[in-house]
Amino acid sequence: MRRYAAVLLDVDGTLVESNDAHAHCWAEVLEKHGYEVPYSRVRSLIGMGGDLLIHAVGGPEPGTRESEKIAKHRSELFLDHWLEKVRPLPKARELVLRLGAEGYRYAVASAASTKELLPMLELADLADLCPIRTTSSDVEESKPNPDIVLAALEKVHAERHRTVMIGDTPYDVMACRGASVDMIGVTTGGWSTEALAGATAVYAGPADLLARWADSPLA
């Protein structure tokens, strides 16, 4: 019997090349709100929930009015200016098609808002292939908390021990660990194989995973 029956898909850094755009957007917004944070510091936190990122760089605590104001400003700026810089990763669509052809149940596991997630999926030519999705409205706590993984599990009707997530950040690793779900890592998000320690396997991106499918945990 095959090891897994279901696959959860992160989006940013996993299916689309967006992490740098997110980092630049965050750095710009934080500066406008009085927090001068080096780009490198912000970049290292991409993949963490926005509310936790704000607090991690010295901003207000999650759930406060000021935190929500900063997050709203960032979302508006991202949609107005940075979204157009996002690009699909090579073979991302082919990877999702392969999952379907192999009989996997799969779902997008994202904590982005619908306003941000849908345009990114459309940009990557993936919206038609990914009708099952989680968004920020499905969770109370963001990564590295496991809420998003648990919400996606419920939507895809999968058992934890028969499910694997494909993700690109250490925060994905932590979220999967908290949900008792395995993870396949990809380095397209900017993290090294060492930074993704704890992943079942690590690949250079969707194209590499497809090229090495026969020897992958998905075979």
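The values are calculated or read from the model by the stated rules, or taken from the named source; none is laboratory data. The structure presented is a predicted model; accordingly, all values stated were derived computationally and were not measured. Every residue, glycine as well, gets a Cβ built from its backbone with ideal geometry; the counts of neighbours run over all protein chains shown.
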Looking at ALA152, ALA219 in this structure, which one is part of a helix (DSSP H, G or I) and of a type in the set (Gly, Ala, Ser)? ALA152
Mind telling me which of the residues LEU97, LEU118 ends up being modelled with pLDDT of 95 or more, surrounded by fewer than 18 Cβ atoms within 10 Å (Cβ to Cβ) and under 22 Å from ASP172 (Cβ atoms)? LEU118
Do you know which of the residues in region 170-197 that are touching a strand residue (DSSP E or B) at 6+ places or on another chain (Cβ under 7 Å) and not in a helix (DSSP H, G or I) is farthest from ILE148 (Cα to Cα)? THR193
Residue that is surrounded by the fewest Cβ atoms within 10 Å (Cβ to Cβ), among those in region 175-219 that are of a type in the set (D, E, K, R) and either closer than 21 Å to LEU153 by Cβ or touching a residue at least 40 places away in the same chain (Cβ under 8 Å) (or both): ARG177
Filtering region 22-52 for residues that are under 18 Å from LEU79 (Cβ atoms) and part of a helix (DSSP H, G or I) leaves a count of 11
For region 63-114, how many residues are outside any loop (DSSP other than H, G, I, E, B), more than 23 Å from ALA23 (Cβ to Cβ) and in the same structural domain as GLY167 (by TED's automatic domain parsing)? 12
Just the residues that are part of a helix (DSSP H, G or I) and free of Cβ contacts under 8 Å to residues at least 60 places away in the same chain, please, taken from region 122-145. GLU122, SER136, SER137, ASP138
Within region 4-21, of all residues that are among the hydrophobic types (A, V, I, L, M, F, W, C) and in a loop (DSSP other than H, G, I, E, B), the one surrounded by the most Cβ atoms within 10 Å (Cβ to Cβ) is LEU15
